[in-house]
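Working notes for the structure below.
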Amino acid sequence: MDTAKKIVLFQCQWCLYAPEDQDWVDHHLPENVHLTKVPCTGRLDPLFILNAVQGGADGVMISGCVPEKCHFKEGNLSARRQMDEFSDFLNYVGYDEDRICFTWLDLQDRGRIQKDVAEFSKKVEALGKSHSLNTRSVLPQGGAHD
Ligand code: FES
């Protein structure tokens with residue numbers, strides 16, 4: 001039986017989603033998307049990504065504040081640079097860099113998180129299951145978790 005591929009969504013807790021979009025993220029994410037909120041994408045240690053990958057994530061999505069609205073000045077820019085470099089490393093060790101997605105969202109981007117999650121899920125489905133770095137038990141099934 002083929003099940004939906006597992007995705008971990010790291011969301012900056014300060015992302016200014018429209019209330020209905022945040023409600024969707026908090027309560028109505030697809031079952032295969034596991035939510036982890038972070039205080040700023042700049043606080044995302046690459047080890048968090050590695051942990052997700054080793055735990056069975058077939059894809060990792062990072063959603064942060066738009067560049068000029070990071071609460072910690074340039075945390076999002078620094079995270080983007082760091083994740084670009086880290087995804088190169090993951091690619092080198094067999095985890096396709098297309099399995100990692102970075103997005104910046106703001107209040108005026110109403111409905112975009114749903115589209116971004118759907119598009120990324122489709123891409124990850126097409127890539128198939130990732131086995132190369134899955135060294136621990138798989139992520140639990142289920143939706144939103146803080
Ligand atoms: Fe949101 Fe920095 S506070 S990305």
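Quick rundown of the values:
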| quantity | calculated |
| --- | --- |
| Length released on extending from GLU31 to GLU68, taking residue separation times 0.36 nm less the Cα-Cα span | 10.1 nm |
| Kirkwood-Stokes translational diffusion coefficient of segment 14-146, alpha-carbon pairs, 4 °C, 1.567 mPa s, µm²/s | 85 |
| Residue pairs, from the table LYS37/LYS115; LYS5/LYS115; LYS69/LYS123; LYS5/LYS37, whose Cα atoms sit over 24 Å apart | LYS69/LYS123 |
| Relative contact order of segment 7-51, pairs being alpha-carbon contacts under 8 Å that are 6 or more residues apart, as % | 55 |
| For the chain, the longest site-free run once GluC sites (Glu not before Pro) in DSSP loop states with at most 14 other Cβ atoms within 10 Å are removed | 75-146 |
| Longest segment of the chain lacking trypsin sites (Lys or Arg not before Pro) that sit in a DSSP loop with at most 16 other Cβ atoms within 10 Å | 1-72 |
| Relative contact order (percent, whole number), the chain, Cα cutoff 8 Å, 6+ residue spacing | 38 |
| Sorted by Cβ density within 10 Å, fewest first, the residues LEU133, LEU107 | LEU107, LEU133 |
| Two-site FRET efficiency, ASP84 against ASP23, from Cβ-Cβ distance with R₀ of 22 Å, rounded to 0.05 | 0.10 |
| Computed helical MRE - 222 nm, the chain, DSSP H runs ≥ 4 contributing -39500 (n - 2.57), nearest 500 | -11500 deg cm²/dmol |
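Only the coordinates and a few stated rules stand behind these numbers; no lab work does. Nothing here was measured: the structure is a model prediction, and the numbers come from that model. Neighbour counts run over all protein chains shown; Cβ positions are idealised from the backbone, glycine included.
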